[in-house]
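Let me begin by presenting the structure, written as structure tokens, before commenting on it.
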Amino acid sequence: MKSIKEEIAQSIAVKQSILENEVLLAQIAQAAEILTRAYRDSHSALLAGNGGSAADAQHLAGELVNKFYFDRPGIPAHSLSTDTSVMTAIGNDIGFKYMFARQIQAQGSKGDVFIGISTSGNSENIVEALKVCREKGITSIGLTGSRECLMDGLCDLCIKVPSDCTPRIQESHILIGHIVCAIVEENLFGKK
């Protein structure tokens, strides 16, 4: 069994790799700029994931809608993994694979931003959602791990955490999401 210190050290090591990777840092800044531009043009963010990544999507949507570092007007963001009636209707009638694609088709507009979160980068329902984004002119940002994956060729921007360990990837996804929220909040409302 791994020790507590080993778990913490592994988490720090992945974050240190991100800190030292100028390409990844530039991608995080680019994600914040993409969202900032969308919000300045009165568009929304749509976020989705499965399991722990669904929780991350909901968490980040909450940070944008409510506040992050300081009180300010809400920023439009929608987690597509929270409406159980919609999700179960889609899952039952046309299949779990289309759970997010159908919601994007119904609720997304050209100029919006979709953030798809998948540690493997191969979640079928995220892949299908990305295809709909392409059709509708919705910019897509992917958060994945280091492996080659289906999301690589479908995202406008794919931020790949340098790890293949699911817990380490998820810990880094929320860090990246927090950084993006902080930058977007400051870009739109200034420092408080």
Exercise. Roughly what % of Cα-Cα distances in region 1-135 sit above 25 Å, to the whole percent?
Worked result: 35
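Rounded to the nearest 500 deg cm²/dmol, what is the calculated helix-only ellipticity per residue at 222 nm for the chain, with -39500 (n - 2.57) per DSSP H run of length n ≥ 4?
-18000 deg cm²/dmol
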Seminar exercise, completed: Computed from every Cα-Cα pair in region 113-192, P(r) in 10 Å bins starting at 0 and rounded to whole percents is 20, 44, 28, 7, 0
Seminar exercise, completed: Mean accessible area per residue over region 1-90 (1.4 angstrom probe, all protein chains present, square angstrom) is 56
Exercise. Using Cα pairs under 8 angstrom and six or more residues apart, how large is the relative contact order of the chain, in percent?
Worked result: 24
Exercise. Length gain on complete extension for the stretch residue 189 to residue 84, per 0.36 nm per residue less the alpha carbon to alpha carbon distance?
Worked result: 34.5 nm
For this session: Report the dimensions of region 152-192 along its three principal axes from the alpha-carbon atoms, largest first, rounded to Å.
Result: 37, 24, 10
Exercise. How are the Cα pair distances of region 75-141 distributed, in percent, across 5 Å bins from 0?
Worked result: 4, 18, 31, 26, 17, 4, 0
Exercise. Percent of accessible area on the chain owned by carbon and sulfur, 1.4 Å probe?
Worked result: 53
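The values are calculated or read from the model by the stated rules, or taken from the named source; none is laboratory data. Being a predicted model, the structure only gives us computed values, none of them experimental. Accessible surface areas use protein heavy atoms only, side chains included; no ligands, DNA or RNA. Shrake-Rupley method; radii C 1.70, N 1.55, O 1.52, S 1.80 Å.
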